[in-house]
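Just so it is clear, none of the values below were taken in a lab; they were calculated from the coordinates. All of these numbers come straight from a predicted model, not from anything done at the bench. Counting neighbours? That spans all protein chains shown, and the Cβs are built from the backbone with ideal geometry, glycine included.
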């Protein structure tokens with residue numbers, strides 16, 4: 001039986017256990033220059049020090065125009081590498097492997113940062129405004145920006161990168177038939193809609209080497225699980241080492257129905273991916289995993305290979321020690337509006353309690 005404490009090797013990167021930190025953006029940490037700050041460094045250092053096996057650093061912009069907000073961390077130029085080196089050092093010194101999630105927001109780009117661009121001309125944040133449909137040349141230029149960011153991540157010392165391929169951002173927009181209306185080689189079939197990211201994966205592999213870990217945080221339903229798996233199959237064929245499964249743009253799968261298992265339907269997607277990709281590439285699940293009991297259930301029943309922790313590890317990094325050593329921790333309160341979101345001013349009650 002697999003245990004939470006058991007190490008796992010992904011590509012050539014060894015994780016000391018089955019706990020991973022999901023990428024969660026710290027909106028008030030970076031400045032307009034997109035550089036990592038001391039707040040970032042200490043934030044990830046603390047999670048690594050509490051025993052997390054793999055840290056996935058938050059969504060980091062590959063271009064200024066692809067940011068969520070003006071204070072969104074980036075890696076679009078060499079001047080930003082130094083701060084990322086310090087994040088990597090903090091994680092490695094505390095025993096955690098570390099990868100960086102790289103992203104472009106596409107049609108959901110903040111208008112204060114750049115234009116809304118994507119696979120097709122579709123409604124943006126402002127429904128009265130359509131995004132600009134990318135030309136083939138612009139697609140190739142964007143793919144190069146992703147690969148350039150991955151090269152910088154390697155220079156910073158990261159063990160690998162994660163492509164942000166879900167939650168409605170650019171790579172997800174190419175997957176979804178709702179946002180991808182193209183009829184060329186980047187639209188239509190599952191293979192074609194996956195081509196944008198698959199070609200990025202191949203280019204990163206070519207430029208960063210065989211040992212560099214390439215993960216995709218991929219949509220587990222788009223619009224159904226079977227289609228999402230078919231897309232992920234193209235990523236794996238292209239050289240993806242690790243699938244970290246979350247949600248997409250559309251959800252029209254009648255097989256995803258409420259159940260009494262100790263995990264929700266978003267976790268269920270990861271479990272189905274694991275069933276399909278078992279013994280080929282490791283798979284994680286995520287969402288509303290707040291207790292050591294949930295973590296152990298998912299790992300010990302071999303439902304997934306790793307468990308991504310989001311709000312639980314933000315609320316109290318000791319959730320890792322609780323799962324690994326039965327140590328005490330403060331449980332996430334599952335607040336309707338998490339204080340770690342943009343523009344929130346209230347304090348996390350779990351964080352406040354553990355500081356007392």
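Only one entry of 165, 160 meets the criterion of being buried (at least 17 other Cβ atoms within 10 Å of the Cβ), more than 17 Å from residue 66 (Cβ to Cβ) and touching a strand residue (DSSP E or B) at 6+ places or on another chain (Cβ under 8 Å), and that entry is 160. The set of residues in segment 231-266 being farther than 21 Å from residue 171 by Cα and outside any loop (DSSP other than H, G, I, E, B) consists of 265 alone. Under the condition of being over 17 Å from residue 101 (Cβ atoms), touching a helix residue (DSSP H, G or I) at 6+ places or on another chain (Cβ under 8 Å) and either part of a helix (DSSP H, G or I) or without any contact (Cβ under 8 Å) to a residue 12 or more places away in the chain (or both), the residues counted in segment 124-142 number 1.
Here residue 1 fulfils each of the conditions (1) more than 30 Å from residue 277 (Cβ to Cβ); (2) surrounded by fewer than 19 Cβ atoms within 10 Å (Cβ to Cβ) apart from (1).
Are any residues in segment 11-26 over 16 Å from the mean Cα position of the chain (by Cα) and either surrounded by fewer than 22 Cβ atoms within 10 Å (Cβ to Cβ) or assigned to a strand (DSSP E or B) (or both), and if so, which ones? Listed by number, the residues that qualify are 11, 12, 13, 14, 15, 16. Among residues of segment 182-205 being touching a residue at least 40 places away in the same chain (Cβ under 8 Å) and farther than 17 Å from residue 231 by Cβ, the one that is surrounded by the fewest Cβ atoms within 10 Å (Cβ to Cβ) is 184.
For segment 144-163, the criterion of a residue being free of Cβ contacts under 8 Å to residues at least 60 places away in the same chain, more than 25 Å from residue 90 (Cα to Cα), touching a helix residue (DSSP H, G or I) at 6+ places or on another chain (Cβ under 8 Å) and not in a strand (DSSP E or B) is satisfied by at least one position. In the set (1) outside any loop (DSSP other than H, G, I, E, B); (2) touching a residue at least 24 places away in the same chain (Cβ under 8 Å); (3) crowded, with 22+ Cβ neighbours inside 10 Å, the condition left unmet by residue 351 is number (3).
Scanning segment 306-340 for residues that are outside any helix (DSSP H, G or I), in contact (Cβ under 8 Å) with a residue 40 or more places away in the chain and at negative phi returns 306, 307, 308, 309, 310, 317, 318, 331, 332, 340.
Within segment 206-223, the set of residues being at negative phi and over 17 Å from the mean Cα position of the chain (by Cα) comprises 206, 207, 208, 210, 211, 223. In this entry, residue 221 passes the filter for residues that are surrounded by 17 or more Cβ atoms within 10 Å (Cβ to Cβ), within 30 Å of residue 290 (Cα to Cα) and touching a helix residue (DSSP H, G or I) at 6+ places or on another chain (Cβ under 6 Å). Residues of segment 69-80 that are surrounded by 20 or more Cβ atoms within 10 Å (Cβ to Cβ) and either without any contact (Cβ under 8 Å) to a residue 60 or more places away in the chain or part of a loop (DSSP other than H, G, I, E, B) (or both): 72, 73, 74, 75, 76. State yes or no: is residue 289 closer than 20 Å to residue 224 by Cβ, touching a strand residue (DSSP E or B) at 6+ places or on another chain (Cβ under 8 Å) and touching a residue at least 12 places away in the same chain (Cβ under 8 Å)? It is false that residue 289 is closer than 20 Å to residue 224 by Cβ, touching a strand residue (DSSP E or B) at 6+ places or on another chain (Cβ under 8 Å) and touching a residue at least 12 places away in the same chain (Cβ under 8 Å). Looking across segment 293-305, just one residue is crowded, with 21+ Cβ neighbours inside 10 Å, touching a helix residue (DSSP H, G or I) at 6+ places or on another chain (Cβ under 8 Å), in contact (Cβ under 8 Å) with a residue 40 or more places away in the chain and not in a loop (DSSP other than H, G, I, E, B), and that is 295.
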